[in-house]
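Everything below concerns the one structure shown next.
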Amino acid sequence: MEKIPMLVLAPLPDFLMAPLHAAHVCHDYFHAEDKNALLSEVGTEIRGIVMAGGSVSPVPLLERLPKLEIISVFGVGYDGVPVDWCQGHGIRVTNTPDVLTEDVADTASALVLMTSRRLIAANRFLHAEAWTRGPFPLAHALRGKRAGIVGLGRIGKAIAQRLEAHGMSVAYHGRARQAVAWEYFESLIELAEMADFLIVACPGGAATKHLINAAVLTALGAKGTLINIARGSVVDETALIAALQSGIIRGAGLDVFENEPQVPEALMQCENAVLLPHLGSGTHETRHEMARLVVENLAAHFSGKPLLTPVC
C-alpha cells in the first residue's frame, strides 16, 4: 500500500513517530529550516497533519495544502486548530480525550497540595540545611477549604472528586448548569470571591482568552490561590504576576503558560508560585494511549471507517 504524505507540526515522541513513519511519509514541518521551501515542495501532496495540543495550524498554512483531509491532534486541547474553517472545507479533526483525564486531574490535585502545604519551599528548606536552625514555617490545611472550578468537563469533574476526598467543598462556573451536586455560580467573579482555590480546567481558544484577569484575581483575594492546568492563554499572565508580587492573591500553581516553553522571568522569581513544565498528561501510560489514538484515528479515516474521537 502506498504511504500517505503527512505534515508534522510539532516535536512528537518516538513511540508516536515510529508508527507514523511505518504507515505514512512524514514531513517534519516543525524542524524544517526553510518551511516555505518544504511547503512548495510537498504541500500539494499532503493529506494529513499531526500536531500537538499546544501547537497551531493557522489558516494560511492549511490553504497551501489543497489535498488535506484530516488533522490529528496529539492532545485533548485543539484550540490551535481553526475548527470552523476545517468544517467549511471538509477537513476532519480528531484529538485524544478521556485517556488523559485522570493524570491531568492528579496534577491539579498535586498543585493544590504543593501550594497549600508549601511543599516546594519545604524541600528547598531541607536541602539548604535550614532545618538544623529551626522548623519550617506552618502552612495551610486543605480540609474545610473551598474549591472553585472553572470548566466542569471531564477533567473538571475528576478534579472535583479528588478535592472532595481532601475534605474540600466544591463549586463551579461554566457555560451552563450541570446535573451535579456541586454548587453552580453564573458569575465567575462571585465564584472567585467564594473560593480559596480557583482551579482553571476550561478549554483554551479565543472565547476564554484572559478569562482569568485582574478583576477575577482581585476577587480571589489574599486568601486565594490560582491553579491552572488548562491553557496558558486563559490567564492574563501580566495580571497574575502583578497579583503575586503585590499579595493580591496568596499564590499560584501553574502547569501551563501563555508562551510555552518560555516562562517570564518575573513569574519565575515569584516564590509564592509553583511552576511545572506542562506535564499534566506526562506519564508513560497516558502518552502511549494518546499516541495510539492518533495513529488509529488516521488509520480509520484513510480506510473509510468512523473516527474513534472525532471533533468534526
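Every number here is computed from the coordinates shown, using simple stated rules; none is lab data. As the structure is a prediction and not an experimental result, all values here were calculated from the model. All Cβ positions, even for glycine, are placed from backbone atoms using ideal geometry, and neighbour counts span all protein chains on display.
Some notes on this structure:
- Selected residue (only one of GLY75, GLY43 is touching a residue at least 12 places away in the same chain (Cβ under 8 Å), small (Gly, Ala, Ser) and under 22 Å from ALA291 (Cα atoms)): GLY75
For every residue, the table says whether it meets (1) under 20 Å from LEU275 (Cβ atoms); (2) β-branched (Val, Ile, Thr); (3) under 27 Å from the mean Cα position of the chain (by Cα); (4) surrounded by 12 or more Cβ atoms within 10 Å (Cβ to Cβ).
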position: THR115; (1), (2), (3), (4): yes, yes, yes, yes
position: ILE120; (1), (2), (3), (4): yes, yes, yes, yes
position: PRO135; (1), (2), (3), (4): no, no, no, no
position: LEU142; (1), (2), (3), (4): no, no, yes, yes
position: ILE149; (1), (2), (3), (4): no, yes, yes, yes
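- Of all residues assigned to the range 245-260, none qualifies as being exposed (fewer than 14 other Cβ atoms within 10 Å of the Cβ), among the hydrophobic types (A, V, I, L, M, F, W, C) and without any contact (Cβ under 8 Å) to a residue 60 or more places away in the chain.
- Hits in the range 221-240 - residues which are of a type in the set (Val, Ile, Thr), surrounded by 18 or more Cβ atoms within 10 Å (Cβ to Cβ) and part of a helix (DSSP H, G or I): VAL234
- Annotation note: of ALA230, ALA291, the sole residue that is under 23 Å from LEU152 (Cβ atoms), under 22 Å from the mean Cα position of the chain (by Cα) and in contact (Cβ under 8 Å) with a residue 40 or more places away in the chain is ALA230.
- Residue that is nearest to LYS145 (Cα to Cα) [pool: residues in the range 172-202 that are out of contact with any helix residue (DSSP H, G or I) (no Cβ under 6 Å at 6 or more places or on another chain) and small (Gly, Ala, Ser)]: ALA195
- Residues that are touching a residue at least 40 places away in the same chain (Cβ under 8 Å), assigned to a helix (DSSP H, G or I) and surrounded by fewer than 16 Cβ atoms within 10 Å (Cβ to Cβ) within the range 1-22 comprise just one, PHE15.
- Note on the range 280-297: residues that are in contact with a strand residue (DSSP E or B) (Cβ under 8 Å, 6 or more places away or on another chain) and outside any helix (DSSP H, G or I) total 0.
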